[in-house]
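Visitor: I'd like to ask you about the structure that follows.
Just so you know, all these numbers are worked out from the coordinates, no wet-lab data involved. This structure is a prediction, so every number in the text was calculated from the model and none was measured. Please note: Cβ atoms are built from the backbone with ideal geometry, for glycine as well, and neighbour counts cover all protein chains shown.
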Amino acid sequence: MYYKDQQPLVDIEGIAGLVTQELEQISKQLVDARATKNNLESINRVINEYGNDNIGLLGSMPEITSHRVIQDVKREVVLVERKVSELSEVYGPKHPKMISAKSELATVKTNLNKQIKGLITGIEKELNRTTRTVNALERDLAKIRAEYQDITRKETQYNQLKREVETNRNIFNTFLSRSKETEVTSDFSSAAARFTDRAYAPRNPSKPNKKLIVILAFVASFGFAVVMTFVFDALNDTVKNKNDVENKLAQRMLGLLPHVVVPKKSFFPIHAYLEDTYRRFAESVRTLRTSLLLTHLDRAHQVIAVTSTSPGEGKTTTSANLAMSLAQMGKVLLIDADLRKPALAKRFDIPVFHPGLSNLMIGTEQLAECVHVDTQSGVTIMPSGQIPSNPLELLSSPRFAELLSELKAQYDHIIVDTPPTQAVSDALVIAQSVDSVVYVVKSDITRIKPITAGLERLFEVKAHVAGVVLNKVDMSKSKDEHSHGYYDYYDYSQQPEKPQV
């Protein structure tokens, strides 16, 4: 409470929620305002090219001709011109009726020119107003970003202090409880021993048949283990090793990634490929990279999509570490194309309001503003950006394929982290625009039926599936540990010892 009074704060979580909501609202308003500004600027450029005095060309612009007032005046001009044409067939040019009709036609055309100039002036004023609105929203956005960062820092400090208080309270309650128990039991005295039954000496010695017991226990245990093994194998319809991938899924095995134990309520380190602690995991990733690049040498694996059957199978971790391994060979871009539940920004500590793929496709931001370079690995990361209301429409538009073509000219490899195949259809749309698809399967967890259903959906859209990556494999049970980058006796990530002379 002292920390709250000192800052001062009332409800940190509530304030953070309000600031986040305000940040999202202003970001959305800024996107709309920028779109309006871009539209008005394009119209204003056409007006400047035609010239403010060229009423004929200005009047042909769709933005002018579609206005209701201009349509009404043009309709009146047509009626008067028809009237003049009909009178010219009956009267001469100096007839009073002809002179009156021509004067009326000139008046109507003058009114049309006046209305067109008024609309042009209104467009210029609207552009100036929109520009001021964009500038004001940008200032507000910068101010709220600073407030959000300050509140986040205070929230972290508050939670740390709160945990310390809770720990101290538990310790105090434990000591208090034990102290009271000691006070209550100190006045009681307990007997050291008591009689339960009288002991009699046996007439004959007795002892158990140890050999028979050992043999029976061994036979029973062995039989039970064999039966349970057959039962579990018969009931288990998951993928556990290379044979399951090739026989049950009829797919190529690209590699397997070992299961690494991490503390509860924490993520697997996103930079595990670069850490010495996980060098065996890194060797498995290098084996995956080599197997992928050697698959179908006639195809250029430049744009690679990584997907899975359902969430939680490790596709984001696989995408990130595969990108880090490819970054050792060239320039790599990692794209978060999961526009519904993005994860890369959080895993790489990128701010949630950082522009990304959606902003670049809409055209509100440039490429340089939508990427973030991870200094530790050298990988360029494009987060999802602002979550749109229609992710599938955005990804299925021609702009997405055009964007990938533009990025291929700037990067040696592009890794696209997609949503799961069973959840939504986004991965199927993305798969049509990439060179290869890597399918991640969680070992001994994901069932074969949903896996085959996801693969069949990819084949229906003519996607090229390079193969399957078996993730979180228990290497103590796997038969493939010596063929996919995980070694007990010798690890290629370590140098062999030199013989001593």
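Visitor: For the stretch 376-464, just say rounded, prolate or oblate: build the C-alpha gyration tensor, square-root its eigenvalues into a ≥ b ≥ c, call rounded for a/c under 1.5, and beyond that prolate if a/b exceeds b/c, oblate if not.
Guide: Working: a/c = 1.70, a/b = 1.42, b/c = 1.20.
Since a/c reaches 1.5 and a/b is larger than b/c, the shape of the stretch 376-464 is classed as prolate.
Visitor: Now a separate question. Over the stretch 242-473, what relative contact order in percent results from Cα pairs under 8 Å that are six or more residues apart?
Guide: Relative contact order here is 30 percent.
Visitor: Now for a separate question. How do 162-170, 397-405, 25-33 rank on mean C-beta neighbours within 10 Å, highest first? Provide the component values of the computation, followed by the final result.
Guide: Details: 162-170: 10.4, 397-405: 14.4, 25-33: 16.7.
Highest-to-lowest ranking by the protection proxy: 25-33, 397-405, 162-170.
Visitor: Report the calculated FRET efficiency for Glu369 and Thr110 (r = Cβ-Cβ distance, R0 = 60 Å), to the nearest 0.05.
Guide: Values: r = 48 Å, r/R0 = 0.81.
Once rounded, the FRET efficiency stands at 0.80.
Visitor: Further, regarding this structure: Highest mean first, what order results for 175-181, 414-420, 449-455, 150-156 on Cβ atoms within 10 Å? It would help to have the intermediate numbers written out before the result.
Guide: Working: 175-181: 10.0, 414-420: 25.0, 449-455: 17.4, 150-156: 14.3.
Ranked from most to least packed, the peptides come out as 414-420, 449-455, 150-156, 175-181.
Visitor: Still on this model: Report ³J(HN,Hα) in whole Hz for each residue of the stretch 75-82, in order, from the Karplus equation J = 6.51 cos²θ - 1.76 cosθ + 1.60 where θ = phi - 60°; Gly and Pro get x.
Guide: 5, 5, 4, 5, 5, 5, 4, 5
Visitor: Could you tell me what a quarter of the Cα convex hull surface of the stretch 304-390 works out to, in nm² with one decimal place?
Guide: Averaged projected hull area, Cα only: 5.9 nm².
Visitor: For a 21 Å ceiling on Cα separation, which of these pairs sit above it: Lys154/Lys341; Lys408/Lys442; Lys449/Lys472; Lys341/Lys449; Lys248/Lys449?
Guide: Lys154/Lys341; Lys408/Lys442; Lys341/Lys449
Visitor: Rounded to the nearest 0.05, what FRET efficiency do Gln328 and Arg68 have when you use their Cβ-Cβ distance and R0 = 56 Å? Present the calculation step by step, with values, prior to reporting the outcome.
Guide: Numbers: r = 63 Å, r/R0 = 1.12.
About 0.35, to the nearest 0.05.
Visitor: Please rank Thr316, Thr238, Thr182, fewest neighbouring Cβ atoms within 10 Å first, as an exposure proxy. Please report the intermediate quantities before stating the final value.
Guide: On the way: Thr316 26, Thr238 15, Thr182 9.
Final ranking by Cβ density, sparse to dense: Thr182, Thr238, Thr316.
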